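The values are calculated or read from the model by the stated rules, or taken from the named source; none is laboratory data. The model shown is predicted, which means the values in this text are computed figures rather than measured ones. Quick reminder, even Gly has a Cβ in these numbers, built from the backbone with ideal geometry, and neighbours come from all protein chains shown.
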Amino acid sequence: MANLFEINRTTNKIILGTTDTTINIGSHTASQLLGLDASKNLESVAIGADVQAWSAELDKVTDGDHDVIASGNPHSVTPTELGLVIGTNVQAYDAALTSVSGLVYVSPSFIKLTADDTYAVRTIAETKSDLSLNLVENTALSTWIGTLTEITTIDAAADFIPVLDATDSVHKKILPTNLGHRLVSRGDNTTADWVETGSKAVLNTDGTWRDLDCSAVVPAGAVAILFNISVTDDVANSYLQLRKNGNSNTQNVSSVITQVANIQSLIDTVVFCDANRVVEYIASNVAFSLIAIRIRGWWI
């Protein structure tokens, strides 16, 4: 046998064997059909370089034998051939997982479902806004607080503050007097509370301890009063003193004394009061040109 096959470049036919068994290759050249460089003659084709060398493994693949599955030997196989069940051995396709897999890191964040099978990265600040945590309100507590009545006068013996003990299970109450005291400002008062100009009609300056009732200004529960006092007299050394109601000694007192005649003397002083917000005062037995007493605040 002279040739196994012959390519006739003139007729574009392949002749097989010694007979004129031909295959028409149409308008393509024989070199193109074989995947060869058109400039090469068939006689110069190198097996393993220009055309694929024979391989028993390739024969298996082309024959439908799937025993050989290796890199460089690609072919299509079914999951069944690999012993795989989608949804059991391998993850079935899921649009939501595809959406999640496309997310990228921005900063410490959360993942938010924005639509069906659609996810987005939300930063902590964005999540806080999404959850309306910028303004958190306990509606039930706010409603309850709205029903409370403001306490302007505290009854130290009856009003109390509810608390929990260390176990967070037992409610107890604390009286205001057990919490310590706070200073309350009188505010921006415009006039003095007591003004004496020498008639002794407002303040009896007779050298005797007398009561000064402050309850019209100072609320119940107060324990001390902050006073501002000014005195003027036509002689020096005229005095006014204050002390807690019920005291009998003259050591724990507040005093203001005229230093020179007709020159005003001023002091701010704190005086303890009784439960009725009463203090005591005493003044020189003279007709003062002016005594002005102002309440600036109190401790309650």
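With respect to V270, is the statement that it is surrounded by fewer than 19 Cβ atoms within 10 Å (Cβ to Cβ), out of contact with any Asp or Glu (no Cβ under 7 Å at 6 or more places or on another chain), part of a strand (DSSP E or B) and of a type in the set (A, V, I, L, M) true?
Here the answer is yes, as V270 does meet what is asked.
Return the residues of the stretch 208-248 that are among the hydrophobic types (A, V, I, L, M, F, W, C) and at pLDDT below 95; say none if nothing qualifies.
A220, A222, V223 - these are the residues of the stretch 208-248 that are among the hydrophobic types (A, V, I, L, M, F, W, C) and at pLDDT below 95.
Could you run through the stretch 105-128 and say how many residues are part of a strand (DSSP E or B) and of a type outside the set (D, E, K, R)?
Within the stretch 105-128, residues that are part of a strand (DSSP E or B) and of a type outside the set (D, E, K, R) number 11.
Here are some conditions: (1) buried (at least 16 other Cβ atoms within 10 Å of the Cβ); (2) over 28 Å from L175 (Cα atoms). R243 meets all but one. Which one does it not meet?
Answer for R243: the failing condition is (2).
Looking at D211, D159, which is the one that is in the same structural domain as L242 (by TED's automatic domain parsing) and either of a type in the set (D, E) or farther than 18 Å from D268 by Cα (or both)?
Being in the same structural domain as L242 (by TED's automatic domain parsing) and either of a type in the set (D, E) or farther than 18 Å from D268 by Cα (or both) holds for just one of D211, D159, which is D211.
Taking the residues in the stretch 221-238 that are closer than 24 Å to D159 by Cα and among the small types (G, A, S) as candidates, determine which candidate is surrounded by the most Cβ atoms within 10 Å (Cβ to Cβ).
Ranking the qualifying residues of the stretch 221-238, first place goes to A222.
List the number of the failed condition for V218; all other conditions in (1) hydrophobic (A, V, I, L, M, F, W, C); (2) closer than 23 Å to D159 by Cβ; (3) without any contact (Cβ under 8 Å) to a residue 60 or more places away in the chain hold.
Of everything listed in (1) hydrophobic (A, V, I, L, M, F, W, C); (2) closer than 23 Å to D159 by Cβ; (3) without any contact (Cβ under 8 Å) to a residue 60 or more places away in the chain, V218 misses just condition (3).
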